[in-house]
Amino acid sequence: MCNSPSERDAAGVGSASIHLSELLRAPVETRSGEVVGRVEDIIVRLRGADTYPLVTGIVVGVGGRRVFVGSGSVQRYGPARITLRTNEVDLRRFERREGEVLLQRDVLGHRLIDVAAGELLRAYDVELEHRADGWVLAHLDTRRPPRFFGLLKTSGGHPARDWKAFEPLIGDVGSLAVRLVSGRVRMLKPAQIADMLEVADTVEGGEILGQVRSDPELEADVFEELDPDKASRLLDDMSDPDVAALLGRMRADDAADAIVDLRQSRRRAVLDLMPAPQRTKVITLMGFNPDSAGGLMNVDIVSCRAEATAGEALAIIGGARGLQPEALLKMHVLNERGQLAGVVSVITLLQADVADSVAALMDCDPVLVSADADLTDVALLMADYNLYTIPVVDDQDRVLGVVTVDDVLEAIIPEDWRRREPAPHPMREISGVAATDDSAWTSGGGGDQP
């Protein structure tokens, strides 16, 4: 970057940084000073998550036509005018090339993913900087401009955040391949992605899902976290084979809830396409009231015989990699008739000698519930006995499944609590870029609301 105003002017830079709002509608002058048109957009080319997008040219409105002027033809960028190196302009109409992004059309006023916070924020301005390789898109202003008498005020300060802290959601297919390369959306927690999908519009949601679907296991985890109504709407847009494949990767209890929310005309077709073991579990769960222990339970559990040792029990838990981690907190000890004889916590097993008998370590009188126990009873038992899981048994004490505390919390938390304003996110590093939550400079509620 040039070090002084005189050096910058000599290099044709004008200023070290400039905002998009200062360039839009600015006159474009030839070298001789003739105004040939006005700036309608700035063009950048994406170069991956670790590199700032490079300004490749401008779109100029000339006599009702939109024409392209490449960066090599621009002598000087300035808030009052853009000066060209020549006295002529090629009047061929502008056509977008692959990988190009128009800042006014694609970014300004649109939402992007704040990767550190895992949320969608709207871009209200864009800051360009002149660097060694040319002008680049360096920062975004995500603060909503103040309003005066109902009008947006665009002048004043421009609090900026580094472009690398964001993942763009740009609908143009020509830049899709470049945007999919970074994969930073897939680094977010499933619950964060689900939260974004629930507030995203159709185009934004399609962009997010497009990245998530490259990781089938992550896609299943995200759908498990989605609000049922949102999940149902997304499943409506998918084919029966795709829905069946997705539900086949989900936890059986969440898959059963999703099947129930499908249109009745689709349920049988989707069930028939699901893998047989998952289909059996789902059909079993669909037979219970959703607000009962049977409707809440996870049918996948770990179990062993009383004669097993602590080391053998831990080996069984260690091998159950496909099960929900919360369901592995207790080992279920079965007698020779397959009935529940007791439970032993994984902590107890870890602290015991590997040769110790499970029968000597287990709780022989565990808290358990029947499949028709209602949600309130299950929640009270968990609170009273400080439990993370409760086994669900039939009338012969055979284990049907296990209710975990996260499923109970999800069922009892009121819907309006889920939609409350989230707490500020702390600063943390994302790909070497310090990212701070919006509230650091939007006091007074200036941040974007979906």
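The values are calculated or read from the model by the stated rules, or taken from the named source; none is laboratory data. None of these values were measured; they are calculated from a predicted model. FYI the Cβ positions are ideal-geometry reconstructions off the backbone, even for glycines, and counts take in every protein chain you see. For accessibility, only protein heavy atoms count, side chains too; no ligands or nucleic acids. Shrake-Rupley method; radii C 1.70, N 1.55, O 1.52, S 1.80 Å.
Looking only at residues in region 276-333 that are among the basic types (Lys, Arg) and more than 23 Å from Thr376 (Cβ to Cβ), the one that is farthest from the chain's Cα centre (by Cα) is Arg305. Applying the set (1) under 18 Å from Ile170 (Cα atoms); (2) outside any loop (DSSP other than H, G, I, E, B); (3) touching a residue at least 60 places away in the same chain (Cβ under 8 Å) to Thr56 leaves exactly one unmet item: (3).
Yes/no matrix, rows are residues, columns are (1) touching a strand residue (DSSP E or B) at 6+ places or on another chain (Cβ under 9 Å); (2) within 26 Å of Trp163 (Cβ to Cβ); (3) buried (at least 20 other Cβ atoms within 10 Å of the Cβ); (4) among the hydroxyl-bearing types (Ser, Thr, Tyr):
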{"residue": "Gly37", "(1), (2), (3), (4)": "yes, no, yes, no"}
{"residue": "Ile42", "(1), (2), (3), (4)": "yes, yes, yes, no"}
{"residue": "Arg47", "(1), (2), (3), (4)": "yes, yes, no, no"}
{"residue": "Thr56", "(1), (2), (3), (4)": "yes, yes, no, yes"}
{"residue": "Val69", "(1), (2), (3), (4)": "yes, yes, yes, no"}
{"residue": "Ser73", "(1), (2), (3), (4)": "yes, yes, no, yes"}
{"residue": "Gly78", "(1), (2), (3), (4)": "yes, yes, no, no"}
{"residue": "Ile82", "(1), (2), (3), (4)": "yes, yes, yes, no"}
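Condition first: surrounded by 14 or more Cβ atoms within 10 Å (Cβ to Cβ) and not β-branched (Val, Ile, Thr). Now tell me which residues in region 316-338 satisfy that. Scanning region 316-338 gives Ala320, Leu323, Gln324, Glu326, Ala327, Leu328, Leu329, Lys330, Met331, His332, Leu334. Here Gly109 meets the list (1) in a strand (DSSP E or B); (2) of a type outside the set (A, V, I, L, M, F, W, C); (3) at positive phi almost entirely, failing just condition (1). Of the residues Ala293, Ala306, the single one that is buried (at least 16 other Cβ atoms within 10 Å of the Cβ), of a type outside the set (Phe, Trp, Tyr), over 19 Å from Tyr388 (Cβ atoms) and touching a residue at least 12 places away in the same chain (Cβ under 8 Å) is Ala306. Here Gln104 clears all of (1) in a strand (DSSP E or B); (2) closer than 14 Å to His19 by Cβ except the condition numbered (1).
Pairing each residue of region 64-79 that is small (Gly, Ala, Ser) with any residue that is open to solvent by 70 Å² or more (accessible area, probe 1.4 Å), provided the two are 6+ apart or on different chains, yields C-beta distances under 6 Å for Ser73/Arg85. The criterion of at least 3 residues that are touching a strand residue (DSSP E or B) at 6+ places or on another chain (Cβ under 8 Å) is met by the following helices (runs of 4 or more DSSP H) wholly inside region 226-310: 293-296. Going by the structure shown, is Val185 in a helix (DSSP H, G or I), open to solvent by 10 Å² or more (accessible area, probe 1.4 Å) and under 30 Å from Arg45 (Cα atoms)? So Val185 fails the test. Scanning region 173-184 for residues that are out of contact with any strand residue (DSSP E or B) (no Cβ under 6 Å at 6 or more places or on another chain) and at pLDDT 60 or above yields Val173, Ser182, Gly183.
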